[in-house]
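Asks: Let me give you the structure first, and then I'll get to my questions.
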Amino acid sequence: MRGFQAVFKQYETTHPSLAKVHSIGQSVQGKELLVLQITSGADKPREVGKPMMKWVASMHGNEAVGRQLVMFMAKYLLANYGTEDRVTKLINTTDLWLMPSLNPDGFAAGQEGDCGNMASGGRGRENANMRDLNRDFPDQFRDGQSQEDLVRGRQPETLAVMTWIVSNPFVLSANLHGGSVVASYPYDDISSHIQSGRKSVAPDDQVFQHLAHLYADNHATMHLVNICPGDDFLGGVTNGAQWYDVPGGMEDFNYLHSNCFEITMELSCCKYPMGRELTKEWKNNMESMLQFMEATHMGVKGVVKDAAGDPVEDAVVVLQGIKHNVITTKHGEYWRLLNPGTYTMVVHAVYLVNSKLKEV
Ligand code: ZN
């Protein structure tokens, strides 16, 4: 099978207004970290108000199912735009970014048919410097929080994706793994770093639970009890730390350092199944993936403007009772994922009026 690079380039050629290939950096061995953007007007700047959503697969290089699902999804979306209403609406209203591999060096070292297990990890899990990328992010309990602490000593793949996350207004993200079948939500570690069994509650726990259930409930098997040996989950979801403590993971970085909410999906018992298994995995996951992308639109969204009608950047959107704020973009946009309910929302902003700072 051809690598996804050639496939993505072809999509860009055949669908120039819907698909665009980007690189967010290079791996240790110099491979491009490629992402396919799919949205209406992909050849133009993003429309104000259109939310960004991303799929990041295979940061553990040998966990290969997510890599293939992302490619299947790209093909499905482009093939059905303009004919399937659901797909057309999704692409017209959402700026989708699909990354099949955050760890291409690890993938190259992996072996088709090598299932690995949760304990051993398996060959190709780490990057070419033998570092586990899902332990390489700044951690809220383990690391200092200065700008220097955030970046010092990190792997090139980690720095590339950190930069990408903080420089774009992503709203929702999925982090695709393998070795179990479960949707795992923040936080992924706890201050005591107790190995397992202790939930680490994020301020948006209710939203995270909803998103994890959305994926698990619409998956062909995830919501069923204990699919893989050693699994012990209720309804196919778990809090990350409750399952096991993961300091330095990517999903917590998204939540703590950007406006983006990320869920980790473990997609298959076997980390790198034979290629013939992949069509079945696509059928298992397709509806979950579509609903997860559609969830980018849940909650409230808008544009914050000043008295003169100009957009206000860096305004702070506060939900009473939830200690997690989102910040407006340079166009004044915000997206605040929320479950259905009644909320009190306040926006704080400091901006210049006649060259003087004014607070609202
Ligand atoms: Zn993994």
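The values are calculated or read from the model by the stated rules, or taken from the named source; none is laboratory data. Just so it is clear, the model here is predicted, and its values are computed rather than measured. A quick note on method: Cβ atoms are made from the backbone with ideal geometry, for glycine too, and the neighbour counts reach across all protein chains shown. SASA here: full protein model, heavy atoms, side chains in, ligands and nucleic acids out. Shrake-Rupley method; radii C 1.70, N 1.55, O 1.52, S 1.80 Å.
Asks: What is the set of long-range amide H partners of PHE261 at a cut-off below 5 Å, with H atoms built 1.01 Å from backbone N?
Replies: The answer is LEU172, SER173.
Asks: Using θ = phi - 60° and the Karplus curve 6.51 cos²θ - 1.76 cosθ + 1.60, what whole-Hz ³J(HN,Hα) does each residue of region 127-135 get, with Gly and Pro shown as x?
Replies: Each residue of region 127-135 in turn: 7, 5, 8, 6, 10, 7, 5, 8, 10 Hz.
Asks: Let me ask something else. Quote the Stokes-Einstein diffusion coefficient, in whole µm² s⁻¹, for region 225-360, based on the Kirkwood radius over alpha carbon pairs, a temperature of 4 °C and a viscosity of 1.567 mPa s.
Replies: My calculation gives 70 µm²/s for D.
Asks: Please report, to one decimal in angstroms, the Kirkwood hydrodynamic radius of the chain built from all distinct Cα-Cα pairs.
Replies: Answer for the chain: a Kirkwood hydrodynamic radius of 20.9 Å.
Asks: Can you list the cysteines of the chain that have no other Cys Cβ under 4.7 Å away?
Replies: By the Cβ distance rule, which asks for a partner under 4.7 Å, the isolated cysteines are CYS260.
Asks: Let me ask you something else. Which of LYS301/LYS330; LYS89/LYS330; LYS20/LYS44; LYS89/LYS283; LYS31/LYS75; LYS89/LYS305 have a Cα-Cα distance over 19 Å?
Replies: Over 19 Å Cα-Cα: LYS89/LYS330; LYS89/LYS283; LYS31/LYS75; LYS89/LYS305.
Asks: Something else about it: Please turn the phi angles of region 92-106 into ³J(HN,Hα) values with the Karplus equation 6.51 cos²θ - 1.76 cosθ + 1.60 (θ = phi - 60°), one per residue in order, whole Hz, x for glycine and proline.
Replies: 6, 10, 9, 9, 9, 10, 10, 10, x, 8, 8, 9, x, 5, x
Asks: I need the chymotrypsin sites (Phe, Trp or Tyr not before Pro) found in region 183-226, filtered to DSSP loop residues with at most 11 other beta carbons within 10 Å of theirs.
Replies: none
Asks: Specify the residue with the greatest mean-square fluctuation among GLY66, GLY248, GLY197, computed from a Gaussian network of the chain linking alpha-carbon atoms under 10 Å apart.
Replies: Result for the chain, Cα springs under 10 Å: GLY197 fluctuates most.
Asks: Counting only C-alpha contacts under 8 Å and six or more residues apart, can you give the relative contact order of region 4-126 as a whole percent?
Replies: 29 percent
Asks: Whenever you get a sec, compute what percent of the accessible area on region 51-133 sits on carbon and sulfur atoms (1.4 Å probe). Could you put the intermediate results ahead of the total?
Replies: Details: 1380 of 2830 Å².
Summing carbon and sulfur atoms, their accessible area is 49 percent of the total for region 51-133.
Asks: Rounded, prolate or oblate: which fits region 42-166, taking a ≥ b ≥ c as square roots of the Cα gyration tensor eigenvalues, rounded meaning a/c under 1.5, else prolate when a/b beats b/c?
Replies: The shape class here is oblate.
Asks: Using only alpha carbon pairs under 8 Å that are at least six residues apart, calculate the relative contact order of region 193-329 and give it in whole percent.
Replies: Result for region 193-329 is 26 percent.
Asks: May I ask you to evaluate 6.51 cos²θ - 1.76 cosθ + 1.60, the Karplus curve with θ = phi - 60°, for each residue of region 183-195 and list the ³J(HN,Hα) values in order in whole Hz, giving x for glycine and proline?
Replies: With coefficients 6.51, -1.76 and 1.60, one gets 9, 10, 10, x, 7, 8, 9, 10, 4, 6, 6, 4, 3 Hz.
Asks: Leaving out ligands and nucleic acids, note down the accessible area per residue over the chain with a 1.4 angstrom probe, in whole Å². Don't skip to the answer; put the middle values down first.
Replies: Working: 15350 Å² over 360 residues.
Heavy-atom accessible area per residue stands at 43 Å².
Asks: Under 5 Å between amide hydrogens, which residues at least 5 positions from GLU333 or on another chain qualify, with H placed 1.01 Å from N in the peptide plane?
Replies: Here the answer is VAL304, since their amide H atoms fall under 5 Å of that of GLU333.
Asks: Give me, ordered by chain and number, the residues 5 or more places off LEU338 or on other chains with an amide H under 5 Å from its own placed amide H.
Replies: Placed amide hydrogens put GLY299, VAL300 under 5 Å from LEU338.
Asks: Using alpha carbons only, how many degrees (0 to 90, rounded to 10) separate the axis of helix 65-80 from the longest principal axis of the chain?
Replies: 60 degrees
Asks: Please report the relative contact order for region 110-169, taking Cα pairs under 8 Å with a sequence separation of at least 6, and give it as a percent rounded to a whole number.
Replies: About 22 percent, as a whole number.
Asks: Let me ask something else about it. What is the antiparallel percent of DSSP beta bridges lying wholly in the chain, to the nearest 5?
Replies: 60 percent
Asks: Please identify every one of the chymotrypsin sites (Phe, Trp or Tyr not before Pro) in region 66-165 that sits in a loop by DSSP and has no more than 16 other beta carbons within 10 Å of its own beta carbon. Mind dumping the intermediate values first?
Replies: Numbers: sites: PHE72, TYR76, TYR81, TRP97, PHE107, PHE141, TRP164; in loops: TYR81, PHE141.
Filter output for region 66-165: PHE141.
Asks: Less than 13 Å Cβ to Cβ from GLY122, Lys/Arg counted +1 and Asp/Glu -1: what total charge do the surrounding residues give? Display every interim value, and only then the final one.
Replies: Numbers: positive: ARG123, ARG125, LYS271; negative: GLU63, GLU112, ASP114, GLU126, ASP132.
Net charge in that neighbourhood comes out at -2.
Asks: While we're on this one: From the C-alpha gyration tensor of region 268-322, pull out the three semi-axes of the equivalent ellipsoid (sqrt of 5λ each), sorted largest to smallest, in whole Å.
Replies: Its equivalent ellipsoid spans semi-axes of 43, 13, 11 Å.
Asks: Expressed as an acute angle from 0 to 90° and rounded to the nearest 10, what is the orientation of the C-alpha long axis of helix 4-14 relative to the principal long axis of the chain?
Replies: Roughly 50 degrees, rounded to the nearest 10.
Asks: Where in region 1-84 are there trypsin sites (Lys or Arg not before Pro) that are in a DSSP coil and have at most 11 other Cβ atoms within 10 angstrom of their Cβ? All intermediate terms of the calculation are to be shown ahead of the outcome.
Replies: Values: sites: ARG2, LYS9, LYS20, LYS31, ARG46, LYS54, ARG67, LYS75; in loops: ARG2, LYS31, ARG46.
Answer by residue number: ARG2.
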